[in-house]
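Peer 1: There's a structure below that I have some questions on.
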Amino acid sequence: SGLSDEAPAQTQTTPARPRSRPKPRYPRVAQRQGIEGFVTVRLRIDATGRVADAVVVKSEPRGVFDDAAMATARRYRFTPARRAGEPVETTLQQTIRFELQK
C-alpha cells in the first residue's frame with residue numbers, strides 16, 4: 001500500500017542529548033538524617049542546549065530535595081534537539097536521584 005509509520009525526514013526531530021550533568025549538592029539536613037529520594041524535573045531546553053526553564057514534576061519525599069534538584073538542573077547542558085538539521089527548543093524530563101554513599 002506504500003503507507004509507512006515513519007514521518008518524512010524533514011519533520012523528524014532528533015532529541016536533545018545530555019552533554020554535562022553535574023552531580024546535585026546533597027542538602028545537609030537530609031544527609032544528617034539519612035534521607036534519600038529523587039526529584040523528576042521537566043526541562044525546557046533552548047536551541048543552544050541550555051536549560052531555559054525547569055519545573056518539578058514529582059519529588060519523593062516532597063519538598064526535601066526540590067531546591068537542590070532545580071539548582072542542579074539549571075546547570076545541565078545539552079546538545080540541542082534538531083528538526084530538519086536546525087537546532088530547536090524542546091522539553092524533556094530527567095530524574096535526579098539523591099542517594100547517600102554506603
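The values are calculated or read from the model by the stated rules, or taken from the named source; none is laboratory data. The shown structure was predicted, so the numbers you read here are calculated from the model rather than taken from an experiment. Cβ sites come from the backbone with ideal geometry, for glycine too, and all protein chains shown count toward neighbours. Keep in mind that these areas ignore ligands, DNA and RNA; they rest on the heavy atoms of the full protein, side chains included. Shrake-Rupley method; radii C 1.70, N 1.55, O 1.52, S 1.80 Å.
Peer 1: Suppose the chain between ARG83 and LYS102 were pulled fully straight at 0.36 nm per residue; how much longer would it get relative to their current alpha carbon spacing?
Peer 2: Length gained between ARG83 and LYS102: 2.5 nm.
Peer 1: So what is Rg over Rh here for the chain, counting just Cα atoms and using Kirkwood for Rh?
Peer 2: Result: Rg/Rh = 1.14.
Peer 1: Something else now. Note down the net charge around LYS23, summing +1 for each Lys or Arg and -1 for each Asp or Glu among other residues with Cβ under 11 Å from its Cβ.
Peer 2: +3
Peer 1: While we're looking at this one, here's another question. Just how large is the dipole of the chain about the Cα centre, in debye to the nearest 20, putting +1 at every Lys and Arg Cβ and -1 at every Asp and Glu Cβ?
Peer 2: It works out to roughly 600 debye.
Peer 1: From the phi of every residue in the range 89-102, what ³J(HN,Hα) in whole Hz does the Karplus formula 6.51 cos²θ - 1.76 cosθ + 1.60 yield, where θ is phi - 60° and glycine or proline is x?
Peer 2: Values, residue by residue: 6, 8, 10, 8, 10, 9, 10, 9, 9, 10, 10, 6, 6, 7 Hz.
Peer 1: Continuing with the same structure: Would you mind putting 89-97, 72-80 in packing order, based on average other-beta-carbon counts within 10 Å, highest first?
Peer 2: Values: 89-97: 15.0, 72-80: 18.0.
Sorting 89-97, 72-80 by mean packing, highest first, produces 72-80, 89-97.
Peer 1: Continuing with this model, one more query. If you add up the charges near ALA52, with Lys and Arg at +1 and Asp and Glu at -1, over every other residue whose beta carbon is less than 14 angstrom from its beta carbon, what do you get?
Peer 2: +3
Peer 1: Still on this structure, I have one more. Would you mind computing, in nm to one decimal, how far apart the modelled labels at GLN31 and ARG75 are, each placed 7 Å from Cα along Cα→Cβ?
Peer 2: 1.3 nm
Peer 1: With contacts defined as alpha carbon pairs under 8 Å and 6 or more residues apart, what's the relative contact order of the chain in percent?
Peer 2: Over the chain, the number comes to 39 percent.
Peer 1: Counting only protein heavy atoms, what percent of the accessible surface of the chain is carbon or sulfur at a 1.4 Å probe?
Peer 2: Summing carbon and sulfur atoms, their accessible area is 45 percent of the total for the chain.
Peer 1: Further, regarding this structure: Give the Rg/Rh ratio for the range 41-86, taking Rg as the radius of gyration of the Cα atoms and Rh as the Kirkwood radius, to two decimals.
Peer 2: Using Cα coordinates only, the ratio equals 1.09.
Peer 1: Accessible area per residue, 1.4 Å probe, Å², for the chain: what's the number?
Peer 2: Normalised by residue count, the accessible surface of the chain is 70 Å².
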